[in-house]
Amino acid sequence: MRTITYEQQGPAAQVLRLQERPAPAAPTAGQVLVRVLARPVHPGDLAGVEGFPGLPQQRFATPQVPGLEGTGVVEALGEGVPGLVSGQRVAFFPVPGAWSELVTVPAELVVPVPHAVSAETAAVLLVNPITLLTLLRAVEDAGKGQPGPVVQTAAGSSIGKLVSAAALRHGFPLVNLVRSAAGARELRQRFPALPAISTSDADWRTQVRDAVGGSGAQVVLYAVGGSLTGDLTALLADGGTLISYGALGSGGTVLESLAPAPRELTVRGVSVGRWLLTRTPAERAEDVAFAIDLAETAPELFEVAGRYDLADFAEAVDHVRRPGKSGTVLLTGPAS
């Protein structure tokens, strides 16, 4: 079977390799062997390959396989796995090693894909909706029951568009930030009720202040990281919260320079990677049900930007970083 591996962290195009590996052993009790037909290239996947800002790059004793999410068909079942049959379409998360043609999955992490959900939507069925729920809970906690203005960066991303749809559905005020004027125009067309501002405008800070009102934003959802941190923190109201969930930008900001203490600001990080640790099985089932319902009722929110065979992973990585990308990039493979 084909598998993408890496032995040390570094630039993805340099450290990733396509290898032929033996197929996994037959699944044991409570396991499902899935033939993976498509898996997304999430920014978090690339961060795992390349290393996280502020942490040393790692070298591994055994090759690592990227990816935590994917969709495919059941190849084989271990004992004690009810409700699934060979050949059934499924999705899974979080399962390390998704960038492989076959992966062994704990049965409790396998999600049957409804007939109404397309193959492309199934490939991005779980991570983005679960991330949305994680962010909405963090916003609710920050608001302490009194929702105020929210500003989000990377509003043109897949997660950003989900947040915009949620803002309209739940009625909380949201200001969208993107990097380009073209991106701002596209967002205004798609979500005309929400302000969309480009940080390429010289007066973008003034535009945000006008949009959120005189007291400032209650929450900033921060997917960019880097040098914009100081500017965005200045747009928070005293007592506001900066919620970080990504690092798509460059540069850095010293925490002390943000003056969090005198303004009683909160800087909080959230990660979908902690979903298994922070949610009970019943709560996780509710989150998965939300994701399936969203996929069935609003499939346009599960946009795919491009599809690349596993062998073309370098082109897929390049597409992920392409300015103006709209949607998620998929790595695909043959059905047999």
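The values are calculated or read from the model by the stated rules, or taken from the named source; none is laboratory data. Please read these numbers as outputs of a predicted model, since none were measured by experiment. Glycine gets a Cβ as well: all are built from the backbone with ideal geometry, and neighbour counts include every protein chain shown. Calculation scope for accessible area: heavy atoms of the full protein, side chains included, ligands and nucleic acids excluded. Shrake-Rupley method; radii C 1.70, N 1.55, O 1.52, S 1.80 Å.
Ordered by packing density, taken as the mean number of other Cβ atoms within 10 Å over each peptide's residues, highest first, how do 229-242, 20-33 rank?
Order by mean packing, descending: 229-242, 20-33.
With each label point set 7 Å from Cα along the Cα-Cβ vector, what nm distance links GLN88 and ARG137?
For the pair GLN88/ARG137, the computed spacing is 2.6 nm.
With charges set only on the Cβ (+1 for Lys and Arg, -1 for Asp and Glu), what does the dipole of the stretch 43-148 come to about its Cα centre, in debye to the nearest 20?
The dipole magnitude comes to about 200 debye.
Find the percent of Cα-Cα distances in the stretch 163-246 that exceed 20 Å, and round it to a whole number.
Of all Cα-Cα distances in the stretch 163-246, 30 percent exceed 20 Å.
Let me know the charge dipole size of the chain about its Cα centre in debye, to the nearest 20, where only the beta-carbon of Lys, Arg (+1) and Asp, Glu (-1) is charged.
With Lys and Arg at +1 and Asp and Glu at -1, about 320 debye.
Between ALA282 and LEU168, what length comes free when the chain is fully extended (0.36 nm per residue of separation minus the Cα-Cα distance, one decimal in nm)?
38.3 nm
Carbon and sulfur: what percent of the chain's accessible surface (1.4 Å probe)?
Reported share for carbon and sulfur atoms: 54 percent.
Per residue, how much accessible area does the stretch 128-273 have with a 1.4 Å probe, in Å²?
Spelled out: the 1.4 Å probe surface of the stretch 128-273, per residue, equals 45 Å².
Given H placed on each backbone N at 1.01 Å, which residues far from VAL304 in sequence or on other chains put an amide H within less than 5 Å of it?
Sorted by chain and number, the residues that satisfy this are THR328.
In whole Å, how far is the Cα centre of the stretch 211-240 from that of the stretch 260-336?
Rounded to whole Å, the Cα centres lie 24 Å apart.
Please compute the alpha carbon radius of gyration of the stretch 128-273, then divide it by the globular-protein estimate 2.2 N^0.38 Å. Two decimals is fine.
Here the answer is 0.95, to two decimals.
Amide H of GLN31: which non-local residues (sequence gap of 5 or more, or other chain) have their own amide H closer than 5 Å, using H built in the peptide plane?
GLY78, GLU79, ALA107
For the stretch 16-76, what does the accessible surface come to per residue with a 1.4 Å probe? Please give it in Å².
50
For a paramagnetic label modelled at 7 Å from the Cα of VAL267 toward its Cβ, which residues of the stretch 105-145 fall within the zone defined by backbone nitrogen distances under 19 Å?
Residues 139, 142 qualify, since their backbone N sits under 19 Å from the label point.
Tell me the Kirkwood hydrodynamic radius of the chain in angstroms, computed as one over the mean inverse distance between distinct C-alpha pairs.
20.9
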